[in-house]
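S.K.: Just passing along the structure, written as structure tokens.
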Amino acid sequence: MNGLMAGKRGLVMGVANDHSIAWGIAKALSAAGAELAFTYQGEAFGRRVRPLAEEVGAKLLLPCDVEDEASVDAVFDALKAEWGGLDFLVHAIGFSDKNELKGRYADTTRANFSRTMVISVFSFTEVARKAAALMSEGGTLLTLTYGGSTRVMPNYNVMGVAKAALESSVRYLAADFGADGIRVNAISAGPVRTLAGSGVTDARLMFNFQKKNAPLKRTVTIDEVGRSALYLLSDMSSGVTGEVHFVDSGYSIMSMPRIDELKE
Ligand code: NAD
């Protein structure tokens, strides 16, 4: 893998700490020779992200709250000033009020529906457009989704609806930017113990169910997601765009546990 991303520069959005999926991706990209910039949401996260950014030799560390358009603009202005262009972008950002990540989807409020959509869906479209404007030589964009987009997962609720819209955005953006040599893909990761992941009520039970019922009989690590991201962000996947790629120990192929296990 070494050298696969040599000479490539990219922005990683969504590292909160060393458990973040974005951090698994950043490590794989850095090991493959990429130069990275990071964003962080507010100073409390900044204090955690700074040492991680230093660990992979990143010099650009920028505040960004995707609810604040000016802060998004400032990130891309800084990238333009420092690098002049961009080769790839990782969007690993999602949020919903955890009081609504339990109970019935039907009870989602208007306010949280809108906020979830802006942070978890629209932000990808917005950063994709701004990143694409810096990709005169072509490039790659990647976001993170979850299987609750197409099948009902208990308590995932409005996040599932948001992920469905995010996956659709991936396809529309891939069509918009394809002629410019810019590819757009998503990884649908199995459950990972992260800050965002633990916001879903009874996440531990979903985690254990996945371990029991996925073909590989385990969950995935952020390093495994990182290596698949490396494929999608590098020239190894030069013919792939608009794709949602599962990295979930095979969970998504199952409709029910194996019959012999039901008899146990
Ligand atoms: P995480 O908590 O480590 O990362 C979520 C990130 O979103 C944080 O860095 C947070 O700062 C950022 N964020 C939230 N609101 C923001 C805002 N307004 N502006 C800027 N940044 C904001 O959790 P994670 O699990 O690594 O999540 C990364 C992505 O992966 C999310 O899109 C999540 O839905 C997705 N995902 C997670 C899992 C899982 O089980 N953990 C599975 C599949 C997909």
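The values are calculated or read from the model by the stated rules, or taken from the named source; none is laboratory data. No experiment lies behind these values; they were computed from the predicted model shown. Heads up, the Cβs are rebuilt from the backbone with ideal geometry, glycines too, and the neighbour counts pull from every protein chain shown.
S.K.: As an exercise: evaluate ARG110 against (1) exposed (fewer than 14 other Cβ atoms within 10 Å of the Cβ); (2) among the basic types (Lys, Arg); (3) within 15 Å of the ligand (Cβ to nearest atom) and give the number of the one condition it does not meet.
M.R.: Against the list (1) exposed (fewer than 14 other Cβ atoms within 10 Å of the Cβ); (2) among the basic types (Lys, Arg); (3) within 15 Å of the ligand (Cβ to nearest atom), ARG110 comes up short only on (3).
S.K.: Just the residues that are touching a Ser or Thr at 6+ places or on another chain (Cβ under 7 Å) and crowded, with 19+ Cβ neighbours inside 10 Å, please, taken from region 122-141.
M.R.: PHE124
S.K.: What are the pairs with Cβ atoms under 8 angstrom where one residue, in region 1-21, is more than 18 Å from ARG183 (Cα to Cα) and free of Cβ contacts under 8 Å to residues at least 40 places away in the same chain and the other, located anywhere, is within 16 Å of the ligand (Cβ to nearest atom) and hydrophobic (A, V, I, L, M, F, W, C)? Sequence gap at least six, or different chains.
M.R.: Going by the 8 Å Cβ cut-off, the qualifying pairs are ASP18/LEU52.
S.K.: Also, quick follow-up: Which of the residues that make up region 55-64 are surrounded by fewer than 17 Cβ atoms within 10 Å (Cβ to Cβ) and within 13 Å of the ligand (Cβ to nearest atom)?
M.R.: PRO63
S.K.: While we're looking at this one, here's another question. So for region 153-167 (the condition being under 23 Å from ARG227 (Cα atoms) and surrounded by fewer than 22 Cβ atoms within 10 Å (Cβ to Cβ)), does at least one residue qualify?
M.R.: yes
S.K.: So which residues in region 1-25 are surrounded by fewer than 20 Cβ atoms within 10 Å (Cβ to Cβ), out of contact with any helix residue (DSSP H, G or I) (no Cβ under 8 Å at 6 or more places or on another chain) and at pLDDT 95 or above, if there are any at all?
M.R.: Scanning region 1-25 gives ALA6, GLY7.
S.K.: Separate question: Looking at ALA28, is it of a type in the set (A, V, I, L, M), modelled with pLDDT of 95 or more, touching a Gly at 6+ places or on another chain (Cβ under 7 Å) and within 15 Å of the ligand (Cβ to nearest atom)?
M.R.: yes
Let's see how each residue does on (1) in a loop (DSSP other than H, G, I, E, B); (2) within 12 Å of the ligand (Cβ to nearest atom); (3) at pLDDT 95 or above:
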position	(1), (2), (3)
ARG183	no, no, yes
ILE187	no, yes, yes
LEU195	yes, yes, no
SER198	no, yes, no
THR201	yes, no, no
ARG204	no, yes, no
PHE207	no, yes, no
LEU216	yes, no, yes
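S.K.: Something else: Tell me which of these ILE253 doesn't satisfy, since it passes every other one: (1) without any contact (Cβ under 8 Å) to a residue 24 or more places away in the chain; (2) loosely packed, with under 12 Cβ neighbours inside 10 Å.
M.R.: (1)
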